[in-house]
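The values are calculated or read from the model by the stated rules, or taken from the named source; none is laboratory data. This is a predicted model, so every value here is computed, not measured. Counting neighbours? That spans all protein chains shown, and the Cβs are built from the backbone with ideal geometry, glycine included.
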Amino acid sequence: MKALLIVDVQKDFCPGGALAVPGGDQVVPVINRIMDAFPLVLASKDWHPKESVHFGKWPPHCVAGTPGAEFHPDLNLKRIKKTFLKGTHNRDDGYSAFEATNDELAAYLRKAGVEELYLAGLATDYCVKATALDSEKNGFETFVVEDAVAAVNAKPGDDEKAFKTMRKAGVTLLHSDEIV
């Protein structure tokens, strides 16, 4: 079975948010378009406490229970079966969805019979990359939908470096047209 994992498509990572990813909102229509191709759709959210070591590296964002931590308003939530919360401890960066604290993602996927995990969301060079690498480490055939992700690009080319790292780890990159 295959599943789609929507990584951190939250208000704070979209234009106007506390840590806006350039083009972060542009992934939403692509994700909404490909959802129906998957029997199982899951999501992750950054869900940081107000006081977090993570905010030494980044401006405060996706603080648990705040409007900025909510999903982008145009994301189709009807198909999302479960949301995994990450970065929930004050000493936890929580880049990978496999670090979720409300449930163990790898165990959940195995119980559901998932063999192929497709990733879309934010940000290519941080949370998507970390989740893709952990997916491979956990034995899932992993795919990243290139036109359904966007990068922070703190340094120009960080997205390409992330894609290269993911490919080297065995992750397959594809376009949404290859899914639907």
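Key figures
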quantity	calculated
Among the residues listed as Asp158, Asp103, Asp147, Asp74, the single one being at pLDDT below 95 and not small (Gly, Ala, Ser)	Asp103
Any chance Ala132 is surrounded by 17 or more Cβ atoms within 10 Å (Cβ to Cβ) and under 24 Å from Pro15 (Cβ atoms)	no
Those helices (runs of 4 or more DSSP H) lying entirely in segment 87-180 with at least 3 residues over 15 Å from the mean Cα position of the chain (by Cα)	105-112, 158-168
Members of segment 90-119 found to be among the charged types (D, E, K, R) and either closer than 27 Å to His61 by Cα or touching a strand residue (DSSP E or B) at 6+ places or on another chain (Cβ under 8 Å) (or both), listed by number	Arg91, Asp92, Asp93, Glu99, Asp103, Glu104, Glu115, Glu116
Out of Glu136, Glu146, Glu160, Glu99, sole residue that is without any contact (Cβ under 8 Å) to a residue 40 or more places away in the chain and touching a His at 6+ places or on another chain (Cβ under 9 Å)	Glu146
Test for Leu5: is it more than 22 Å from Gly170 (Cα to Cα), aliphatic (A, V, I, L, M) and at pLDDT 95 or above	no
Qualifying residues in segment 145-160 (those that are acidic (Asp, Glu) and in contact with an Asp or Glu (Cβ under 6 Å, 6 or more places away or on another chain)) - the one surrounded by the most Cβ atoms within 10 Å (Cβ to Cβ)	Asp159
